[in-house]
Amino acid sequence: MKRHVIVLILSVFLLSGAVYAQETEKSPLDLSLTTDFAWYTASAYCQGSTHYAPVTGFYDQIQARTVLNASYRVPVSVPFVAEDNMLFKDTNVTFTGGLELTPVSLMPKASVSFTPVAFLVFSAGVTAGTGWDLSGIQGIAGYNTETQKYDSLTPFKTWYLCGYANGTFMFDTAALWPGDWHHIIVVANYEVEYKTLTGTSSTVWDWQTTKGCADGWQYDQYYLLGYQMPGIVSLAGVSAELYGHYAASDYGDIADSFSGGFMTIEISPLMQLTLSNRDTLSAMLNFKARRSFTESHTSEDEEPLLTYAGREWYFQRLGLRWKHTF
């Protein structure tokens with residue numbers, strides 16, 4: 001499945017919108033089911049330096065996933081601070097476990113987060129996933145430079161592993177200017193990750209149909225500017241995500257030609273509907289900047305052996321997310 005079909009940090013927004021406004025006591029146990037759906041349009045590759053590639057087809061593929069999450073929040077008392085202090089009243093440690101299922105992969109997750117003050121969250125976690133083929137769609141595969149194709153790997157013998165740590169800053173202007181219509185939300189997240197694929201000697205690999213991956217330390221930056229309002233339409237905003245490898249050398253012999261240090265950029269206008277106190281529906285449009293090459297090509301499988309030339313912007317997908325809290 002493509003990276004971040006619906007950006008998971010939309011969930012962080014829900015927290016930030018409530019950080020200063022929540023007055024009722026919340027249960028320490030949270031159980032939720034999230035289903036993501038994405039419709040991808042086709043956009044033919046254009047060679048050359050930085051440019052925009054227009055949509056060339058209404059449909060390219062559809063993808064979906066379901067995630068079951070359970071979290072338990074433990075309040076933490078801060079010495080010498082009054083219990084009703086706005087900055088420290090929600091100080092806590094939260095333990096989360098989850099299971100992600102797509103048509104081509106299975107991935108358990110575990111994480112722990114610490115909220116020292118209302119506008120900061122620090123988290124760390126691990127994931128371990130395996131995949132399989134379904135109707136020609138590869139869940140996990142290694143790149144073969146001789147055939148210029150991705151060879152499928154054995155499920156439950158080959159694993160995608162990721163460990164990460166991040167920090168999130170969240171601010172709601174209603175903290176300074178109280179009112180139902182005064183919620184301008186700002187979120188900034190920086191994550192450090194280490195990703196690897198076991199059971200293969202391939203430098204380049206494919207996980208959940210995201211091709212061009214490689215082992216190594218990576219970063220993921222996420223930013224959100226949104227407006228939260230009362231009513232069914234509860235959020236409108238725009239997010240930006242920037243991610244890549246710290247070291248181009250993670251790509252081995254093709255590090256220079258493929259531009260191993262390339263930063264991928266995604267910009268997404270988004271909207272959220274609050275259907276009930278337990279159900280939300282989010283929608284987003286996704287514009288992405290991928291590598292462009294000096295050579296013309298028609299398949300993503302060719303790219304690891306091509307020569308980087310610039311950045312290619314294109315419209316990637318329409319995404320929907322339904323979240324139900326039990």
What residues have an amide H closer than 5 Å to that of Asp90, excluding those fewer than 5 places away on the same chain, when H is modeled at 1.01 Å from N in the peptide plane? none
Treat every Asp and Glu Cβ in region 28-103 as -1 and every Lys and Arg Cβ as +1, leave all other atoms uncharged, and give the resulting dipole magnitude about the Cα centre to the nearest 20 debye. 140
Could you calculate, for region 37-119, the ratio of the Cα radius of gyration to the Kirkwood radius, expressed as Rg to Rh? 1.28
Region 62-164: GluC sites (Glu not before Pro) falling in loop per DSSP and having at most 15 other Cβ within 10 Å: Glu83, Glu146
According to a simple spin-label model (label point 7 Å from Cα along Cα-to-Cβ), what is the distance in nm between Ser201 and Asp279? 5.3
How much accessible surface does Asp133 have with a 1.4 Å probe, in Å² rounded to 10? 80
The Rg/Rh figure for region 215-326, Cα atoms and Kirkwood Rh, to two decimals is 1.11
Under a Cβ-Cβ cut-off of 14 Å, what is the net charge of the residues other than Leu197 that fall near it, where Lys and Arg count +1 and Asp and Glu count -1? -2
How large is the direction-averaged shadow of the alpha-carbon convex hull of region 61-194, in nm²? 12.1
Dipole of region 128-238, Cα-centred, from +1 at each Lys and Arg C-beta and -1 at each Asp and Glu C-beta, to the nearest 20 debye? 140
What whole-number distance in Å separates the alpha-carbon centres of region 152-224 and region 265-321? 15
Over 30 Å between C-alpha atoms is what I'm after, so list which of Lys89/Lys323; Lys149/Lys323; Lys149/Lys195 land there. Lys149/Lys323
Counting only the backbone N, which residues of region 162-197 are under 20 Å from the spot 7 Å out from the Cα of Val112 toward its beta-carbon? 162-168, 191-194
In the chain, with Lys and Arg counted as +1 and Asp and Glu as -1 at Cβ, which of these residues, Trp207, Phe156, Thr94, has the Cα nearest the positive end of the dipole, that is, farthest along it? Thr94
Within the chain: Cβ-based charge dipole about Cα centre, in debye rounded to nearest 20 (Lys, Arg +1; Asp, Glu -1): 460
Solvent-accessible heavy-atom area per residue, rounded to whole Å², over region 110-216 at 1.4 Å: 46
Running a GNM on the chain with Cα contacts under 10 Å, which residue among Gly252, Gly212, Gly231 ends up with the highest mean-square fluctuation? Gly231
Filter the trypsin sites (Lys or Arg not before Pro) in region 126-227 down to the DSSP loop ones having no more than 13 other Cβ atoms within 10 Å, then list what survives. Lys157
Spelling out what I want: for every residue of region 139-148, take phi, set θ = phi - 60°, compute 6.51 cos²θ - 1.76 cosθ + 1.60 (Karplus), and round to whole Hz; glycine and proline get x. x, 8, 7, x, 7, 9, 5, 6, 9, 6
Spin-label zone in region 250-277 - amide nitrogen under 20 Å from a point set 7 Å from the Cα of Thr307 along the C-beta vector: 251-262
For region 187-240, calculate the relative contact order in percent as a whole number, restricting contacts to Cα pairs under 8 Å that are 6 or more residues apart. 35
Solvent-free Debye scattering, log10 I(q)/I(0), computed from the Cα coordinates of region 106-150 at q = 0.14, 0.24, 0.28, 0.34 Å⁻¹: -0.59, -0.89, -0.99, -1.10
Checked against the positive end of the charge dipole of the chain (+1 on Cβ of Lys and Arg, -1 on Cβ of Asp and Glu, about the Cα centre), the farthest of Tyr227, Ser268, Leu120 is Tyr227
Can you check what the net charge comes to around Gly216, using other residues whose Cβ is under 14 Å from the Cβ of Gly216 (Lys, Arg +1; Asp, Glu -1)? -3
Say each of Leu176 and Ala124 gets a label point 7 Å from the Cα, pointing the same way as Cα to Cβ; how far apart are those two points in nm? 3.3
Considering the values (1) 1.02; (2) 0.94; (3) 0.98, which represents Rg/Rh (Cα atoms, Kirkwood Rh) as calculated for the structure under consideration? (3)
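The values are calculated or read from the model by the stated rules, or taken from the named source; none is laboratory data. Nothing here was measured: the structure is a model prediction, and the numbers come from that model. Here the Cβ is made from the backbone with ideal geometry for all residues, glycine too, and neighbour counts use every protein chain on show. Protein only, heavy atoms only, side chains kept; ligands, DNA and RNA dropped before computing areas. Shrake-Rupley method; radii C 1.70, N 1.55, O 1.52, S 1.80 Å.
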